[in-house]
Amino acid sequence: MRHFVSVNQLTTEEIYAILRKAESYQKQKVMLNQQLFAANLFFEPSTRTKMSFNVAQKKLGLEILDFHSESSSVLKGESLYDTARTFEAIGSDLLVIRHPSDHWLDELDNRLSIPVINAGAGKEEHPTQCMLDLLTIYQEFGCIEGLKIAIAGDIKHSRVARSNALALQKLGATVFLTAAPGFEDDELELPYISIDEAVEICDVTMLLRIQHERHLHKAETSDYLELYGLTEEREKRMKEQAIIMHPAPINRGVEIDTDLVECRRSRIFKQMENGVYVRMAIMMHVLNEWGIINENNIEKRYSLIANR
Ligand code: CP
């Protein structure tokens with residue numbers, strides 16, 4: 001049985017099945033017909049991921065065991081493993097975990113009898129963000145294969161960059177990286193181009209913030225936008241149908257001009273909206289794979305109004 005650690009563990013067919021399921025949840029309500037508990041163990045700050053898991057869990061009818069590491073027994077020295085085992089012992093059926101360590105799952109693997117979903121692992125992987133990005137691109141273009149996609153920003157410290165670079169390549173996109181000196185990641189064997197070239201040739205420009213919390217020294221950002229970011233002048237040189245993405249949080253005026261955050265090309269808030277349905281689909285996929293639910297035996301209710 002697999003924990004949901006990386007999009008790379010999925011076949012192309014499994015990725016598209018989850019995206020189709022997420023799309024179906026945008027049109028059709030689904031509600032589990034058994035009592036199940038999900039625990040959200042966040043050891044790093046989060047707004048979007050934690051709250052969209054919360055909304056996704058409420059939409060599915062999952063009971064949420066909320067957890068705040070700063071007021072938990074972690075402060076008394078309890079390990080991640082013992083925290084996870086505690087939630088398993090008290091009846092959680094699913095764990096959603098974000099942790100600053102790159103390899104926190106190694107501490108849990110093969111030692112838990114409930115599934116774990118990776119909600120962010122250090123600078124290694126952020127697979128649920130990746131899946132919502134794939135859904136946003138797929139909905140925009142109707143395909144991923146053949147697209148040219150630039151990932152621009154602090155590649156070296158970004159788990160989103162790593163997850164997306166691997167998954168987009170797997171699905172047949174051509175991926176370019178663009179980064180300021182020192183923000184490149186040699187482990188990703190992809191071509192680096194300038195932001196000026198990226199905006200002219202790419203269908204998607206995916207911006208990343210500078211991950212100050214993972215730097216030893218705070219980076220200087222006064223001329224970052226002009227040199228490496230998406231300015232209004234660069235936006236004007238993008239292809240007619242090209243879109244702007246960003247996993248957020250955004251540092252307005254650093255990696256992107258503030259007036260572009262909600263411009264016609266921006267899908268930034270669409271990404272957040274898609275995050276709810278993708279996370280519903282991922283939880284259903286994992287619960288089904290672990291035999292905790294039988295997807296053929298759940299209540300589905302058609303909605304006459306938009307499912308918001
Ligand atoms: N994109 C993302 O992971 O945002 P949060 O850190 O707010 O969850």
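The values are calculated or read from the model by the stated rules, or taken from the named source; none is laboratory data. No experiment lies behind these values; they were computed from the predicted model shown. Quick reminder, even Gly has a Cβ in these numbers, built from the backbone with ideal geometry, and neighbours come from all protein chains shown.
Let me confirm something: among Ala22, Ala17, Ala89, Ala39, which residue is among the aliphatic types (A, V, I, L, M), away from the ligand (no atom under 16 Å from the Cβ) and farther than 30 Å from Phe269 by Cα?
None of the other options fit; the residue is Ala89.
Any idea which of Ile268, Ile256 is under 23 Å from Glu184 (Cα atoms) and either among the aliphatic types (A, V, I, L, M) or within 20 Å of the chain's Cα centre (by Cα) (or both)?
Testing whether each residue is under 23 Å from Glu184 (Cα atoms) and either among the aliphatic types (A, V, I, L, M) or within 20 Å of the chain's Cα centre (by Cα) (or both) leaves just Ile256.
Anything in segment 93-116 that is within 13 Å of the ligand (Cβ to nearest atom) and touching a helix residue (DSSP H, G or I) at 6+ places or on another chain (Cβ under 6 Å)? List them, or say none.
Passing the criteria: only Val96.
Can you give me the ranges of the helices (runs of 4 or more DSSP H) entirely in segment 1-93 with at least 3 residues that are touching a residue at least 60 places away in the same chain (Cβ under 8 Å)? Even if it seems obvious, please write down each step before you answer.
On the way: elements: 12-27, 48-60, 80-89.
The helices (runs of 4 or more DSSP H) meeting that bar are 12-27, 48-60.
Quick one: in segment 249-271, which of the residues that are surrounded by fewer than 19 Cβ atoms within 10 Å (Cβ to Cβ) and among the hydrophobic types (A, V, I, L, M, F, W, C) is farthest from the ligand (Cβ to nearest atom)?
Looking at the filtered set, the residue picked out is Cys263.
For segment 135-161: of the residues being surrounded by fewer than 20 Cβ atoms within 10 Å (Cβ to Cβ) and over 21 Å from Leu230 (Cα atoms), which is nearest to the chain's Cα centre (by Cα)?
Ranking the qualifying residues of segment 135-161, first place goes to Gln139.
Any idea which of Ser79, Ser69, Ser46 is more than 16 Å from the ligand (Cβ to nearest atom) and either farther than 16 Å from Val276 by Cα or surrounded by fewer than 23 Cβ atoms within 10 Å (Cβ to Cβ) (or both)? Give the derivation first.
Details: Ser69 fails: more than 16 Å from the ligand (Cβ to nearest atom); Ser46 fails: more than 16 Å from the ligand (Cβ to nearest atom).
Within the list Ser79, Ser69, Ser46, the selection yields Ser79.
Given the condition farther than 28 Å from Glu145 by Cα, within 16 Å of the ligand (Cβ to nearest atom) and surrounded by fewer than 17 Cβ atoms within 10 Å (Cβ to Cβ), answer yes or no: does some residue in segment 205-212 qualify?
Yes, the conditions are met somewhere in segment 205-212.
Limited to segment 214-236, what total is found for residues that are at pLDDT 75 or above and over 19 Å from Thr258 (Cβ atoms)?
Of segment 214-236, the ones at pLDDT 75 or above are 220-236.
Of the ones still in play, those that are also over 19 Å from Thr258 (Cβ atoms) are 220.
Final tally of qualifying residues: 1.
Given the condition over 20 Å from Trp290 (Cβ atoms), touching a strand residue (DSSP E or B) at 6+ places or on another chain (Cβ under 9 Å) and crowded, with 19+ Cβ neighbours inside 10 Å, answer yes or no: does some residue in segment 23-31 qualify? Give the steps one after another, and end with the answer.
We begin by selecting, within segment 23-31, every residue over 20 Å from Trp290 (Cβ atoms); these are 23-24, 26-29.
Narrowing the set further to residues that are touching a strand residue (DSSP E or B) at 6+ places or on another chain (Cβ under 9 Å) leaves 24, 27-29.
If we keep only those that are crowded, with 19+ Cβ neighbours inside 10 Å as well, we get none.
For segment 23-31, residues over 20 Å from Trp290 (Cβ atoms), touching a strand residue (DSSP E or B) at 6+ places or on another chain (Cβ under 9 Å) and crowded, with 19+ Cβ neighbours inside 10 Å: absent.
Any idea how many residues of segment 101-134 are assigned to a loop (DSSP other than H, G, I, E, B) and either among the β-branched types (Val, Ile, Thr) or more than 11 Å from the chain's Cα centre (by Cα) (or both)?
Here the count works out to 14.
Output the residues belonging to segment 90-118 that are under 22 Å from Leu32 (Cα atoms) and small (Gly, Ala, Ser).
Gly91, Ser92, Ser113
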